[in-house]
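Bear in mind these aren't lab numbers, they're just calculated from the coordinates by the rules spelled out. Quick caveat: nothing in here was measured; it's all calculated off a predicted structure. We place every Cβ from the backbone using ideal geometry, glycine too, and count neighbours over all the protein chains shown.
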Amino acid sequence: MDAARAWGERWSSMHTPIARRYMATAARSKSLVCLAADRPTLAGVLDLVQEVGEHIAALKTHVDLVEDWTADGWAEVRAAADAADLLLFEDRKFADIGGITRNQMHGLYGIAGWSDLVTAHLISGPDIVDGCHAAWADRGREGGVLLLAQMSSRGNLLAGQYSEAVVHHGLAHDGVFGFIGNGSRPHELEDLRSRVGNARMIWTPGVNLAVGDGAMGQRYGDPREAVLAGSDAIVVGSGIHRASSPAEAAAAYAEASWSALLERTGA
Ligand code: 5IU
């Protein structure tokens with residue numbers, strides 16, 4: 001289906017090239033799934049992309065948990081993401097001052113050279129967003145920052161005035177692709193969407209077809225409910241990579257998320 005029709009208001013409100021790129025990618029794969037590829041080896045990540053690539057729209061990584069990481073090996077991950085038509089999203093959760101963040105975007109892992117999206121906290125102030133973009137510009141590339149406005153984990157502190165300030169400052173900055181919202185609590189997401197409006201993305205971890213508590217304080221909500229409450233991408237990790245058939249699981253999350261988007265927009 002045509003991306004503009006599927007996304008409705010979100011497509012007409014969102015003009016940054018990277019947001020349009022995500023929405024077009026999602027429309028091609030009929031999926032709002034961002035796979036959290038939390039496997040500890042390069043081969044594990046690559047296998048997963050081969051297996052489920054056609055059912056997802058983005059690949060989320062934690063580059064520093066890959067035990068056998070090498071620059072060449074990671075270039076293969078980037079190539080696999082390109083071949084499968086995926087945005088590559090490093091969930092680095094930067095939190096330092098702007099200049100250090102810029103250097104951390106380079107550093108050992110060279111995140112600025114391959115990431116399309118990164119996460120950042122706004123705890124240190126808005127210059128962190130400039131730090132990320134300066135690093136992408138250093139490499140002649142462009143990217144988008146997802147600011148953490150909420151989290152999925154039990155007892156987190158991203159609520160109330162702090163969360164409101166993240167949205168307030170984030171909306172004022174063109175480099176902010178969108179916000180992380182709590183996929184496990186639809187009413188929190190509805191509240192976040194009402195504060196964010198239509199012109200930015202909300203991506204949501206804490207989503208699983210098996211709703212309930214996960215390991216070490218993780219909490220899970222239903223993918224359809226998250227999308228109906230305003231999520232634009234469901235971040236799913238163990239629901240896919242720990243499934244007996246990751247491909248079948250990814251297809252089920254794709255179907256749940258895409259049909260919920262069409263229900264939301266009336267397309
Ligand atoms: N993640 C969360 N919650 C958050 C944020 C990021 O779970 O609030 I910000 C990450 C952690 C993990 C993935 O990489 O999203 C979720 O994986 P599971 O679906 O396996 O819980």
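Could you work out Rg/(2.2 N^0.38 Å) for region 42-158, with Rg from alpha carbons only?
Ratio of Cα Rg to 2.2 N^0.38 Å: 1.08.
So what's the net charge close to Gly44: Lys and Arg +1, Asp and Glu -1, counting the other residues with Cβ under 14 Å from its Cβ?
Summing Lys and Arg as +1 and Asp and Glu as -1 gives -4.
Taking a ≥ b ≥ c as the square roots of the Cα gyration tensor eigenvalues, with a/c under 1.5 meaning rounded and otherwise prolate when a/b beats b/c, else oblate, which class fits the chain?
rounded
For region 11-98, just say rounded, prolate or oblate: build the C-alpha gyration tensor, square-root its eigenvalues into a ≥ b ≥ c, call rounded for a/c under 1.5, and beyond that prolate if a/b exceeds b/c, oblate if not.
oblate
As a test, work out the antiparallel percent of DSSP beta bridges whose residues both lie in the chain, rounded to the nearest 5.
If we restrict to bridges inside the chain, about 5 percent are antiparallel.
Would you mind ranking Leu117, Leu228, Leu158 by Cβ crowding within 10 Å, fewest neighbours first?
Leu228, Leu158, Leu117
Going by average Cβ density within 10 Å per residue, which order do the peptides 119-129, 164-174 take, highest to lowest?
Ranking the peptides 119-129, 164-174 by packing returns 119-129, 164-174.
Helix-only estimate, please: 222 nm mean residue ellipticity of the chain, summing -39500 (n - 2.57) across DSSP H runs of length 4 or more and dividing by its residues, to the nearest 500.
Mean residue ellipticity at 222 nm (helix-derived): -13500 deg cm²/dmol.
Could you check which residue among Gly221, Gly237, Gly160 shows the biggest mean-square fluctuation in a GNM of the chain with a 10 Å Cα cutoff?
Checking each option, the largest mean-square fluctuation is seen for Gly160.
In what sequence do His15, His62 fall when counting other Cβ within 10 Å, fewest first?
His15, His62
Gap in Å between the Cα centre of region 72-146 and the Cα centre of region 193-233?
23
Which of Val167, His121, Gly53 sits farthest toward the positive end of the charge dipole of the chain, with +1 on the Cβ of Lys and Arg and -1 on the Cβ of Asp and Glu?
The listed residue farthest towards the positive side: Val167.
Among Tyr22, Tyr109, Tyr162, Tyr253, which comes first, second and so on when ranked by fewest other beta-carbon atoms within 10 Å?
Listing Tyr22, Tyr109, Tyr162, Tyr253 from fewest to most nearby Cβ atoms yields Tyr162, Tyr109, Tyr253, Tyr22.
May I ask you to derive the relative contact order of region 13-265, considering only C-alpha pairs under 8 Å and at least 6 residues apart, and to give it as an integer percent?
Averaging sequence separation for qualifying contacts and normalising by length gives 19 percent for region 13-265.
Can you list the residues, at least 5 places off or on another chain, whose amide H is less than 5 Å from the amide H of Phe94, using H built in the peptide plane?
Excluding prolines and chain starts, which carry no amide H, the hits are Thr119, Ala120, His121.
Between Ser115, Ser163, Ser12, which gets the highest mean-square fluctuation from a Gaussian network model of the chain, Cα cutoff 10 Å?
Ser12
Quote the charge dipole size of the chain about the Cα centre in Debye, to the nearest 20; the model charges only the Cβ of Lys and Arg (+1) and of Asp and Glu (-1).
So the magnitude is around 500 debye.
Hey, in the GNM for the chain with a 10 angstrom Cα cutoff, which one of Ile234, Ile18, Ile180 fluctuates hardest?
In this elastic network of the chain, the residue with the biggest mean-square fluctuation among Ile234, Ile18, Ile180 is Ile18.
Show me, bin by bin at 10 Å from 0, the whole-percent P(r) of region 175-259 based on Cα pairs.
Reading the bins upward from 0: 20, 50, 26, 4.
Once you have a ≥ b ≥ c as the square roots of the Cα gyration tensor eigenvalues for region 216-267, tell me rounded if a/c is under 1.5, and otherwise prolate or oblate according to whether a/b is larger than b/c.
It comes out oblate by the Cα gyration axes.
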